[in-house]
Every structure is written in C-alpha cells, then in structure tokens.
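In what follows, a single structure is set out as structure tokens and then discussed.
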Amino acid sequence: MRGSCWSKFTGTGTLLIGGAGDFVDLNPADFGGRIKVDTGCVVAWDDKITYGVTRVGGIGNALFGGEGFRLATLEGNGRVILQSVTIAGLAKALAKHMHEGENRTGGSAIGSIFGSGAG
C-alpha cells in the first residue's frame, strides 16, 4: 500500500504506539463484525482482523479535482485501535494556530518562553 508503513509485531512484551487525538479500542464483532473508518484513523489491529481499503467517490469527485476518499474495512472478532485525529487533521490544526502565539514584538510565544522574543 503506497504511503503507508505497516509492521507486524509478535511475542511477549510492551509495545508503545504513537498517534494523534484519543485512542479508541474496539472490537468489530461488537458492531456486526465489520467497521468502516477513514484509513488515516487506523493505528493497529490484531491478526484475527482482516483489513481492506475501499475508494469512495465517483466520477464527479474525480472531475472536480478530488482525490477520492478511502475507507478502511476491518472485519472479524479481535482488537482494533483507532485514533480520533488523522495525521493530516493534526497538521491542519497545527498550521491554523501557528501564528496565534505571536506577541507584539513579532516573536513567537515559544521564543518568549525561551528568550526575549525579540530578534
């Protein structure tokens, strides 16, 4: 799958996972055996789960410059971990607030914490 980095971990021990927003831990079996979510929200699943990707959006979406929307389908009876914010959503939120912390001298709020904030 392009743009994705999937790794398989087995054995006993502790595994640390990073993501954005909150983690949602669920079992598709509790929702009729299948869930469909934005591909960017999928963090991890166990080997009892089957994973697939479906492209959503028709010819109109393609004609008007849309890339299409992809949904992950996770099926089975096992553990799935989702994140509430996609990495793209986190980047967009951070970019939106990048200049909110500027102070009157033109320095950033971070610069004010670590120094005078003035060039």
Taking first residues from the range 69-83 that are farther than 10 Å from ILE49 by Cβ and free of Cβ contacts under 8 Å to residues at least 60 places away in the same chain and second residues anywhere that are surrounded by 19 or more Cβ atoms within 10 Å (Cβ to Cβ) and among the aliphatic types (A, V, I, L, M), the pairs with Cβ under 7 Å that are 6 or more apart or on different chains are ALA72/VAL42; LEU82/VAL42
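Being hydroxyl-bearing (Ser, Thr, Tyr) and under 17 Å from the mean Cα position of the chain (by Cα) is the filter; apply it to the range 33-53 and report the residue that is surrounded by the fewest Cβ atoms within 10 Å (Cβ to Cβ). Steps first, please.
Start the filter on the range 33-53 by keeping residues that are hydroxyl-bearing (Ser, Thr, Tyr), which leaves 39, 50-51.
With under 17 Å from the mean Cα position of the chain (by Cα) added as a condition, the list becomes 39, 51.
Numbers: THR39: 17, TYR51: 15.
Checking each candidate, the answer is TYR51.
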Any chance the range 63-78 includes a residue that's in contact with a helix residue (DSSP H, G or I) (Cβ under 7 Å, 6 or more places away or on another chain), surrounded by 14 or more Cβ atoms within 10 Å (Cβ to Cβ), at pLDDT below 90 and assigned to a loop (DSSP other than H, G, I, E, B)? no
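The values are calculated or read from the model by the stated rules, or taken from the named source; none is laboratory data. These numbers were taken from a predicted model, which means no experiment stands behind them. Every residue, glycine among them, receives a Cβ derived from its backbone with ideal geometry; neighbour counts consider all protein chains shown.
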